Amino acid sequence: MKTSTNNPHPETQILSTSTAGSLPKPAWLAQPEVLWSQWKLEGKELIDGKHDALRVSLQEQQQAGIDIVSDGEQTRQHFVTTFIEHLNGVDFEKRQTVKIRDRYDASVPTVVSAITRPKSVFVEDAKLLRQQTSQPIKWALPGPMTIIDTLYDDHYHSREKLAWEFAKILNQEAKELEAVGVDIIQFDEPAFNVFFDEVNDWGMACLERAIEGLKCETAVHICYGYGIKANTDWKKTLGSQWRQYEVILPKLQASNIDIVSLECHNSRVPIELLELIRGKKVMVGAIDVATDTIETPEEVANTLREALKYVDADKLYPCTNCGMAPLSRHVARAKLQALSAGAQIVRTELCA
Ligand SMILES: [Zn+2]
């Protein structure tokens, strides 16, 4: 694995495991098993609490044998809104109801003037994570298209222009994360699975702008969403084969993105679509985040074996389908352990 210049890590093993990003928060920090749950602490106590939760989340990943670790998104209330909260130009008091990803209504803040980033958003958190471990670390940021789909725009009056502004800001943030030793910067773009014309017209260009000049590895995560009802209802309308990836993977194949993180286990995505990004590194979702049922290691191994028909072993990273924030902590822990155990089965087979 390529590592950033100021953090020489040992090469990681084959089939290095990872997570899509978010992990459950402790109940003393925020109400568990819901999205957008309110913080239970305030002021300095909240800052300390978030950092303690980050340490615990890291330890849980390590104890489960996860190779490429993250902050578990413990310092974020939500993967999109927490980033936006730190920017100028967005009024959180002025709210509008919009349909997110063409799927469900949500009350969102309004863009009222030019978007700027007065200071870094996650760099201090990333420094803390970097201090805690010498393992490779991955940091997730919301992608430009997914961000603008979670906002009401009363200033730019153009989704493309607004996304481009966010791409520039994300690029600044990403460069600072790289500088403090983040090994992989991942952009979460579930919106890519919905707005195909826009992906084509400007979505890919914005993603490329967001990764411009980065020397660390870059990833994009594209999934069918958290296991919340709006998403599971939507999935029921998608028919027996989910072929959304068929439209976007060729564009990613032609892009400068190093790693593509996809939902594979228990989904109706035809696994052979992975062939469309042959040559890229793939984080293969082998854990279903929309059910409390714990995968057996053998089930994980089966998903990985199927993926190996289309992804070279040195480019395959066993992962979760999406974030696990809405799950209970014991379910998330057990799923991480299953991911590690399943990867180990296949590792042993490959080395036999
Ligand atoms: Zn996801």
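Listed values, structure above:
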quantity: Qualifying positions in the stretch 111-132 - surrounded by 12 or more Cβ atoms within 10 Å (Cβ to Cβ), of a type outside the set (Gly, Ala, Ser) and within 22 Å of the chain's Cα centre (by Cα); calculated: Arg117, Val121, Phe122, Val123, Glu124, Asp125, Lys127, Leu128, Leu129, Arg130, Gln132
quantity: Extreme residue, surrounded by the fewest Cβ atoms within 10 Å (Cβ to Cβ), among residues of the stretch 57-83 that are of a type in the set (Val, Ile, Thr) and closer than 22 Å to Lys40 by Cα; calculated: Thr82
quantity: Ala126 touching a residue at least 40 places away in the same chain (Cβ under 8 Å) and closer than 20 Å to Ser158 by Cα; calculated: no
quantity: Tally, over the stretch 332-347, of residues that are more than 19 Å from the chain's Cα centre (by Cα) and among the basic types (Lys, Arg); calculated: 1
quantity: Selection from the stretch 233-248 of residues that are free of Cβ contacts under 8 Å to residues at least 60 places away in the same chain and within 16 Å of the ligand (Cβ to nearest atom); calculated: Lys235, Leu238, Trp242, Gln244, Tyr245, Ile248
quantity: Members of the stretch 69-113 that are within 22 Å of Thr19 (Cβ to Cβ), touching a residue at least 40 places away in the same chain (Cβ under 8 Å) and of a type in the set (Val, Ile, Thr); calculated: Val69, Thr75, Val80, Thr81
quantity: Residue within the stretch 136-151 that is away from the ligand (no atom under 16 Å from the Cβ), free of Cβ contacts under 8 Å to residues at least 12 places away in the same chain and part of a loop (DSSP other than H, G, I, E, B) present; calculated: no
quantity: Checking Phe166 against (1) among the aromatic types (Phe, Trp, Tyr); (2) over 19 Å from Tyr245 (Cβ atoms); (3) not in a helix (DSSP H, G or I), the condition it does not meet; calculated: (3)
quantity: Unique match (being out of contact with any Gly (no Cβ under 6 Å at 6 or more places or on another chain), modelled with pLDDT of 95 or more and surrounded by fewer than 16 Cβ atoms within 10 Å (Cβ to Cβ)) among Gln135, Gln172; calculated: Gln172
quantity: Given (1) surrounded by 18 or more Cβ atoms within 10 Å (Cβ to Cβ); (2) assigned to a helix (DSSP H, G or I); (3) touching a helix residue (DSSP H, G or I) at 6+ places or on another chain (Cβ under 6 Å); (4) modelled with pLDDT under 95, index of the condition Gly225 fails; calculated: (2)
quantity: Number of the exception - Val108 against (1) buried (at least 17 other Cβ atoms within 10 Å of the Cβ); (2) at pLDDT 95 or above; (3) over 30 Å from Val300 (Cβ atoms); (4) not hydroxyl-bearing (Ser, Thr, Tyr); calculated: (2)
quantity: Complete set of residues in the stretch 183-222 that are away from the ligand (no atom under 16 Å from the Cβ), part of a helix (DSSP H, G or I) and in contact with a strand residue (DSSP E or B) (Cβ under 8 Å, 6 or more places away or on another chain); calculated: Ala210, Ile211
quantity: Test: Ala140 is of a type in the set (Gly, Ala, Ser) and surrounded by 20 or more Cβ atoms within 10 Å (Cβ to Cβ); calculated: yes
quantity: Scan of the stretch 17-46 for residues that are within 16 Å of the ligand (Cβ to nearest atom) and loosely packed, with under 14 Cβ neighbours inside 10 Å, ordered by number; calculated: Leu35, Trp36
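The values are calculated or read from the model by the stated rules, or taken from the named source; none is laboratory data. Just so you know, these numbers come straight off a predicted model, no measurement behind them. Counting neighbours? That spans all protein chains shown, and the Cβs are built from the backbone with ideal geometry, glycine included.
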